[in-house]
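First comes the structure, then the notes that go with it.
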Amino acid sequence: MLTKSQAKLFFLGGTGLFAALFILLTIDSLKTIPVQTNAAAMNDSVVRGKELWDKNNCMGCHTLLGEGAYYAPELTKVYERRGPEWMKVFLKDPQAMYPGQRKMVNYKFTDKEISDLIAFFEWIGKMDLNGFPPKPSIHITSATTEVAANQTKHPEVFTNLCSSCHSLSGKGGNVGPALDGVGKKYDEAYLAKWLKDPQAVKKGTAMPALPLTDEQLQSLVVFLSSLK
């Protein structure tokens, strides 16, 4: 049994030890916070994007870093999941991509505001959050990646938009079906009609109406037809 003086020394020693440990852990946390929060990448565009996020009460529908509403998708990793080009098209006019389906408000963002929002989401997405949220099962492929020696290269529009939802050769998104062998299933006429107006071919489909130029549409038809 400890004497009164021994108990006092034990108490003071333990208090000092844990106080020193607390201080050391605090210092370590302060050192790692800038790295984990991607502070070096914060610029004026990121700040403006955050201001737009707050001004338009995006958290009223979405969650970010685990906080917010659960009405709309979680956006912490949206930059990695969808890619900047897809986000640019969607933010320009959500209803145009999903006519009659999306309830996302068209805030009529300017091109500069869209760029700022994307910069904000890119910054958020590159934070070290110790594995939160789970890494999306998607890999945005390079526009120059070849499918096979006898096939054409990925059109840029395929890499920027289509691969956000579809996979090819095991790379890409998993929202829509894989596109391997799609050229065996459908001819060019069907593919052109589908890409131009998915709802006209299959009402209620989750496939968005992509704002494709005639050139982009034709390049996608040729490319998809080659996947046999």
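The values are calculated or read from the model by the stated rules, or taken from the named source; none is laboratory data. Predicted, not measured: the structure shown is a model, and the values here were computed from it. We place every Cβ from the backbone using ideal geometry, glycine too, and count neighbours over all the protein chains shown.
Values as computed for the structure displayed
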read-out	value
Condition met for residue 85 (closer than 25 Å to residue 204 by Cα and in contact with a His (Cβ under 9 Å, 6 or more places away or on another chain))	no
Within region 1-94, helices (runs of 4 or more DSSP H) holding 2 or more residues that are touching a residue at least 40 places away in the same chain (Cβ under 8 Å) and in contact with a strand residue (DSSP E or B) (Cβ under 9 Å, 6 or more places away or on another chain)	none
Filter pass, residue 147 being modelled with pLDDT under 90 and either of a type in the set (Ser, Thr, Tyr) or out of contact with any strand residue (DSSP E or B) (no Cβ under 6 Å at 6 or more places or on another chain) (or both)	yes
Pick from region 95-121, criterion among the acidic types (Asp, Glu) and in contact (Cβ under 8 Å) with a residue 60 or more places away in the chain, ranking: surrounded by the fewest Cβ atoms within 10 Å (Cβ to Cβ)	113
Residue that is nearest to residue 110 (Cα to Cα) [pool: residues in region 21-76 that are β-branched (Val, Ile, Thr) and surrounded by fewer than 17 Cβ atoms within 10 Å (Cβ to Cβ)]	47
Test: residue 101 is within 25 Å of residue 204 (Cβ to Cβ), modelled with pLDDT under 90 and out of contact with any helix residue (DSSP H, G or I) (no Cβ under 9 Å at 6 or more places or on another chain)	no
Members of region 208-225 found to be closer than 21 Å to residue 184 by Cβ and either within 24 Å of the chain's Cα centre (by Cα) or among the charged types (D, E, K, R) (or both), listed by number	220
Condition met for residue 109 (modelled with pLDDT of 95 or more, more than 23 Å from residue 167 (Cβ to Cβ), assigned to a loop (DSSP other than H, G, I, E, B) and not aliphatic (A, V, I, L, M))	yes
